[in-house]
1. List the number of the failed condition for Asp51; all other conditions in (1) within 16 Å of the ligand (Cβ to nearest atom); (2) out of contact with any Pro (no Cβ under 8 Å at 6 or more places or on another chain) hold.
2. For residues in the range 119-146 being at pLDDT 95 or above and open to solvent by 60 Å² or more (accessible area, probe 1.4 Å), which is farthest from the ligand (Cβ to nearest atom)?
3. Filter the range 22-37 down to the residues that are in a loop (DSSP other than H, G, I, E, B) and more than 6 Å from the ligand (Cβ to nearest atom), then identify the one that is modelled with the highest pLDDT.
4. Being more than 16 Å from the ligand (Cβ to nearest atom), part of a helix (DSSP H, G or I) and in contact (Cβ under 8 Å) with a residue 40 or more places away in the chain, is that true of even one residue in the range 175-183?
5. Does Gln137 satisfy being part of a loop (DSSP other than H, G, I, E, B) and without any contact (Cβ under 8 Å) to a residue 60 or more places away in the chain?
6. Condition check: farther than 20 Å from Tyr16 by Cβ and out of contact with any His (no Cβ under 7 Å at 6 or more places or on another chain). Does Asn44 satisfy that?
7. Look at Lys87 and say whether it is closer than 29 Å to Leu151 by Cβ, charged (D, E, K, R) and either open to solvent by 70 Å² or more (accessible area, probe 1.4 Å) or away from the ligand (no atom under 15 Å from the Cβ) (or both).
8. Which ones in the range 45-63 are touching a residue at least 24 places away in the same chain (Cβ under 8 Å) and either over 21 Å from Asp98 (Cβ atoms) or open to solvent by 90 Å² or more (accessible area, probe 1.4 Å) (or both)?
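The values are calculated or read from the model by the stated rules, or taken from the named source; none is laboratory data. Please read all numbers here as calculations on a predicted model, not as lab measurements. Note that we place each Cβ from the backbone using ideal geometry, even for glycine, and neighbour counts take in every protein chain shown. Heavy atoms of the whole protein, side chains included, go into the accessibility calculation; ligands, DNA and RNA do not. Shrake-Rupley method; radii C 1.70, N 1.55, O 1.52, S 1.80 Å.
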Amino acid sequence: MKIGGMMWDKNYKGRYILIEPTDYCNCNCIMCTRELVGVENPHNTPKGFMDFEVFKAIIDGLEFGSEPLAIKLFWIGESMLHPDFKKMLKYASEKIVDKNAYIDLHTNATLLNKEMIDFMLTLGNALPRITFSLDAQKKCTHEIIRRGGSLDHAKEQIKYFLLEREKKHLLFPRFIFQFIIMEENKDECNDFVKYWADFINENVKISLDEAWGNLNKETRKKVLEENGIYEEFYGN
Ligand code: SF4
């Protein structure tokens, strides 16, 4: 089945604030900051879950101006693990109504469920973008890169998200499929692009800027050229 869709709008740029609901993660990815710096806890403080009252106080203290403010609700952890994450999304989205601000979210998609997706689809332009960090097309590659998460589950949930979004004729959230090119997945980036492009009936692009990990720039470019894929990851 092919569905129509709109991806990220590059006009959403400006100031941002990072709020990390938790630095726990259900995955242990080989390219994660904590893996790259070789420490279990890069913040050098005990891991935890942000108290909802602290979250509220941060949101209440935000200053809005003429430049758009992105409230990025993630960092070195999977926000969906937080038991209050839905409450946080609701609180933040209600606080930024009529403000020049929006929520930005990255997720490994392996903890998504229908209830959360249905809720996110009600948030309108408060949540204009979700990035699904997948980095693999094959299950075995995902198991090597995104250790601990199920690619099958992530794909199933993302498809539900896309289909529901289509059914409801929603403009937001737009979406990005993230694929960081690495030695481990470089042979399947073309299949990844084709798979999602075919499903959403739209171009899916890969960005050289997003390609990091253990490939040097020359190799990344070669991979993209050999696969005949785009140089940019997201569409307009
Ligand atoms: S999903 Fe993100 S935060 Fe979690 S281990 Fe992977 S890269 Fe790190």
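1. (1) is the only condition that Asp51 fails.
2. Thr122
3. Here is the first cut: in the range 22-37, the ones in a loop (DSSP other than H, G, I, E, B) are 23-32, 37.
Those left that are additionally more than 6 Å from the ligand (Cβ to nearest atom): 23-24, 26, 30-31, 37.
Details: Asp23: 92, Tyr24: 93, Asn26: 96, Ile30: 89, Met31: 84, Val37: 66.
Out of the qualifying residues, it is Asn26.
4. So the first thing to find is which residues in the range 175-183 are more than 16 Å from the ligand (Cβ to nearest atom), and the list is 175, 183.
From what's left, part of a helix (DSSP H, G or I): none.
Checked the range 175-183: no residue is more than 16 Å from the ligand (Cβ to nearest atom), part of a helix (DSSP H, G or I) and in contact (Cβ under 8 Å) with a residue 40 or more places away in the chain.
5. Working: part of a loop (DSSP other than H, G, I, E, B): yes; without any contact (Cβ under 8 Å) to a residue 60 or more places away in the chain: yes.
Yes: the conditions hold for Gln137.
6. On the way: farther than 20 Å from Tyr16 by Cβ: yes; out of contact with any His (no Cβ under 7 Å at 6 or more places or on another chain): yes.
Judged against the criteria, Asn44 is a match.
7. Details: closer than 29 Å to Leu151 by Cβ: yes; charged (D, E, K, R): yes; either open to solvent by 70 Å² or more (accessible area, probe 1.4 Å) or away from the ligand (no atom under 15 Å from the Cβ) (or both): yes.
Criteria met by Lys87.
8. Our first condition is that a residue be touching a residue at least 24 places away in the same chain (Cβ under 8 Å); within the range 45-63, this holds for 47-50, 52, 55-56, 58-60, 62.
Within the range 45-63, Lys47, Gly48, Phe49, Met50, Phe52 qualify.
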